[in-house]
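Have a look at the structure below before the remarks.
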Amino acid sequence: MEKQDPLPPGGTVDLDMVKARPHLDPRDVDLGQVLEMHTTPEMERKVLWKLDLYLIPLMGVCYMLQYMDKLALSQATLFNLTEDLHLKGKEYNWASAVFYFGYFAWSWPSSYLVVRLPLGKYLAAAVFLWGGILMCHAACKSFSGLMAARFFLGVGEASVAPGFALITGMFYKREEQPARQAAWFIGNSIATVIGGLVAYGIGLIHNHSVNSWQLLFLVLGAITSGYGLILFVFLPDSPAKAMFLKKTEQSVAVQRTLQNKTGVMDTGKFRWGQVLMAIKDPQTWFLVLYTLCVNFCNGGITSFSSIIIAGFGFSNLKALLIQMPIGAAQLVFLLLTSGFATYVKQSRIFMMMLNAVVSMIGMILIWKLDSNDRAGRMTGLCLGAVFAANIPLSLSLISSNVAGFTKKSTVSALMFVAYCVGNIVGPQFFIPSEKPGYPTGIKAAMSGLVLGIFFLICLYVYYAWENRRRDQLYGSPRQLTEAEELQDELSNKTDGEIESFRYLL
């Protein structure tokens, strides 16, 4: 590898030197201004307030719409979708699972495109297209048509969560990320509440020309596409391109995240060496295996919760409303565990294990309680969904502990491949003949949670061991100068290449 001169310790930065470095883009970062600027806590607080006020609502509403769109298929079954499309046997299971085939198919292309294209614009286009695809669900007349629509819906939604994780990593310090990941992920919990109300309201509309399930897809799809247009205008590609920040504030936004050492947006450069590093990194596979296992549970809960609740003895319309406590339970644990992880150092993985244990307890309640105990089993279903609060925490592990923009996007893609596979496999354990209790599916969900906890323990041990190894090899990390921090950040090195990098647990 060609040796490169270090950045100057202060003052100005030679633009010709910057242009000669493929990893430094003068169009995105005014390096001279970043190095010369001396920020104050007050300046940083002002910029952080603007970031929170602007970015979190944009991402939170989008994530809410994404989960509402996912839930729509489960809700549509209560509006006679299975009867109207003449679905038989496991065809509904596969209609649910094929969404994740699309998600899987687009994970790798998406990890490439988020590096090659302006991130905000790319995500906005994806949202607009998936809204249109959701509206196409209303035109389905058969199982094959539904399968095609579900597959392409997965393609449309594949970029959003990893893309938002990358945005969070670019705009926020490592210690700030768990709370911000949780803040936009709150949309997931709110979606269960609002989605239930929207579906209930649509169920009260009696239109002989359009079935209720068709109207549900049309309404949600139109809202989503409209929101995609809003994102295209307002969602920034990087801190240096955030139009809601003044020029000096953009420099502050870049400077305040230098200590992350996890890389900034490197538009146009996909580094295949970092792909290989990601594949060789043990943390990648512990995260991937954890994600695979816990999503046995997610696939079943998302696809079959409406049917399970109706099986408790509620009418179809009431079953839509009674889904709302599931979102409330997720929200409570999301706020508690993400807040704890933000303010108590080295506690993220412990909080993830706690959420998984709570979900196991919920699954046990559904499995073991008498079928007549509606309150107890409903409590179990609410607790069983708590593991979803781990998603922002696991994303924050990637944004905080994986350095190098291409490596980060690769690990994100691998994790979401595992997410897809888990969600494809999970619903297959929900056997139609066991409806509505699905004991085999509940046992599979419990097994996945147990394995997920095991891989979290492995990840914790690996991080602790690697931090100790680096301390012994390089000594405790010293305080770097601003110029050194800028060089680490903009050099796009990986976490394995930066001697001062230590993993957050």
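The values are calculated or read from the model by the stated rules, or taken from the named source; none is laboratory data. Remember, it's a predicted structure, so these values are computed and weren't measured experimentally. Glycine also receives a Cβ, built like all others from the backbone with ideal geometry; neighbour counts cover every protein chain displayed.
What to note about this one:
- Among (1) crowded, with 19+ Cβ neighbours inside 10 Å; (2) touching a Gly at 6+ places or on another chain (Cβ under 9 Å), the one test that Val61 misses: (1)
- Being part of a helix (DSSP H, G or I), free of Cβ contacts under 8 Å to residues at least 60 places away in the same chain and buried (at least 18 other Cβ atoms within 10 Å of the Cβ) is a property that Val219 has.
- Only residues that are in a helix (DSSP H, G or I) and surrounded by fewer than 18 Cβ atoms within 10 Å (Cβ to Cβ) were counted in the range 37-53, giving 10.
- The single condition from (1) modelled with pLDDT under 85; (2) surrounded by 24 or more Cβ atoms within 10 Å (Cβ to Cβ) that Gly426 fails is (1).
- Set Val411, Val386: member being crowded, with 20+ Cβ neighbours inside 10 Å, β-branched (Val, Ile, Thr) and over 23 Å from Leu335 (Cβ atoms): Val411
- The one condition in (1) part of a loop (DSSP other than H, G, I, E, B); (2) of a type outside the set (A, V, I, L, M); (3) at pLDDT 85 or above; (4) over 23 Å from Phe171 (Cα atoms) that Phe244 fails to fulfil: (4)
- Taking the conditions (1) within 28 Å of Ser305 (Cβ to Cβ); (2) without any contact (Cβ under 8 Å) to a residue 60 or more places away in the chain; (3) hydroxyl-bearing (Ser, Thr, Tyr); (4) in contact with a helix residue (DSSP H, G or I) (Cβ under 9 Å, 6 or more places away or on another chain) in turn, Ser144 satisfies each one other than (4).
- Once the range 304-337 is narrowed to residues that are out of contact with any Lys or Arg (no Cβ under 9 Å at 6 or more places or on another chain) and among the small types (Gly, Ala, Ser), the residue that is surrounded by the fewest Cβ atoms within 10 Å (Cβ to Cβ) is Ser315.
- Selection within the range 95-111 - hydrophobic (A, V, I, L, M, F, W, C) and touching a Pro at 6+ places or on another chain (Cβ under 8 Å): Ala97
- Against the test of being crowded, with 20+ Cβ neighbours inside 10 Å, touching a residue at least 40 places away in the same chain (Cβ under 8 Å) and touching a Lys or Arg at 6+ places or on another chain (Cβ under 9 Å), the options Tyr200, Tyr172 yield a single qualifying residue, Tyr172.
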